[in-house]
1. If you check Ala63, Ala6, Ala81, which single one turns out to be of a type in the set (Gly, Ala, Ser) and either in contact with a Cys (Cβ under 7 Å, 6 or more places away or on another chain) or buried (at least 17 other Cβ atoms within 10 Å of the Cβ) (or both)?
2. Need pairs with beta-carbon distance below 8 Å; first residue open to solvent by less than 80 Å² (accessible area, probe 1.4 Å) and within the stretch 148-168, second modelled with pLDDT under 95; sequence gap 6+ or separate chains.
3. If Val118 meets every condition in (1) within 15 Å of the ligand (Cβ to nearest atom); (2) touching a helix residue (DSSP H, G or I) at 6+ places or on another chain (Cβ under 7 Å) apart from one, which number is that one?
4. Here is a list: Ser86, Ser142. Which entry is away from the ligand (no atom under 15 Å from the Cβ), small (Gly, Ala, Ser) and closer than 24 Å to Lys4 by Cα?
5. What single numbered condition from (1) within 14 Å of the chain's Cα centre (by Cα); (2) under 14 Å from Leu17 (Cβ atoms); (3) among the hydrophobic types (A, V, I, L, M, F, W, C) fails to hold for Ala78?
6. Gly19 - would you say it is within 16 Å of the ligand (Cβ to nearest atom) and of a type in the set (Gly, Ala, Ser)?
7. Using beta carbons and a limit of 7 Å, which pairs, at least six apart or on different chains, have the first residue in the stretch 46-73 and in contact (Cβ under 8 Å) with a residue 24 or more places away in the chain and the second one basic (Lys, Arg) and within 16 Å of the ligand (Cβ to nearest atom)?
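The values are calculated or read from the model by the stated rules, or taken from the named source; none is laboratory data. Nothing here was measured: the structure is a model prediction, and the numbers come from that model. No Cβ is skipped: glycine too gets one built from the backbone with ideal geometry, and neighbour counts run over all protein chains shown. With ligands, DNA and RNA removed, areas are computed over all heavy atoms of the protein, side chains included. Shrake-Rupley method; radii C 1.70, N 1.55, O 1.52, S 1.80 Å.
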Amino acid sequence: MKSKAAKNEAKPLVGILMGSDSDWPTMEKAAQTCAEFEVACEVRVLSAHRNPEETARYARSAARRGLKVIIAGAGAAAHLAGVVASHTSLPVVGVPVESGSLRGMDALLSTVQMPPGVPVAAVGINAARNAALLAIEILALSDGALARKLEAFKGQLATRAREADRNLAKKMKAAS
Ligand code: RP5
């Protein structure tokens, strides 16, 4: 059975934003993950600093347009996720993107240290796939078919971990 997210292909449920097109090599993993789970998404370059008015407009109209979760990735003084969260009550997942001399630590702290009342669910540096998985988990709360796909995915992770465990045990045995 197709999930609600898949049936609704024309209507994006997840907005994937980035502060610059230089963030795309990182953020494309979020788009790829949404595609893997057949979750419709839209991708935009919107900057908290370079075009703040458009960014605010996007965030304010997101729920009205049918989006359910917003993923926002930015590097350096990364204010994008926080600014978006200040203009919407949708869940916002922040991806700190590695860039410049501080190698993502600046973006991590800027993204995660939100004031009380305006949360951003920050994932690890460059962890755009995890951001998408979190968005999919949020959507799966009200989409049974998507929830089953997630269960199958988690099952595969467990299978791979068991295989790795068996393979390592074999190597250790062969080496002893
Ligand atoms: C941030 O500054 C962007 O999100 C990007 O990670 C970084 C550098 O941007 P560019 O100078 O490459 O456009 O706002």
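1. Working: Ala63 fails: either in contact with a Cys (Cβ under 7 Å, 6 or more places away or on another chain) or buried (at least 17 other Cβ atoms within 10 Å of the Cβ) (or both); Ala6 fails: either in contact with a Cys (Cβ under 7 Å, 6 or more places away or on another chain) or buried (at least 17 other Cβ atoms within 10 Å of the Cβ) (or both).
Residue meeting the stated conditions: Ala81.
2. Taking only residues 6 or more apart or on different chains, the pairs are Lys149/Ser3.
3. Condition (1) is where Val118 drops out.
4. Being away from the ligand (no atom under 15 Å from the Cβ), small (Gly, Ala, Ser) and closer than 24 Å to Lys4 by Cα holds for just one of Ser86, Ser142, which is Ser142.
5. (1)
6. Numbers: within 16 Å of the ligand (Cβ to nearest atom): yes; of a type in the set (Gly, Ala, Ser): yes.
So Gly19 fits the description; yes.
7. Listed pairs, sorted by first residue: Tyr58/Arg44.
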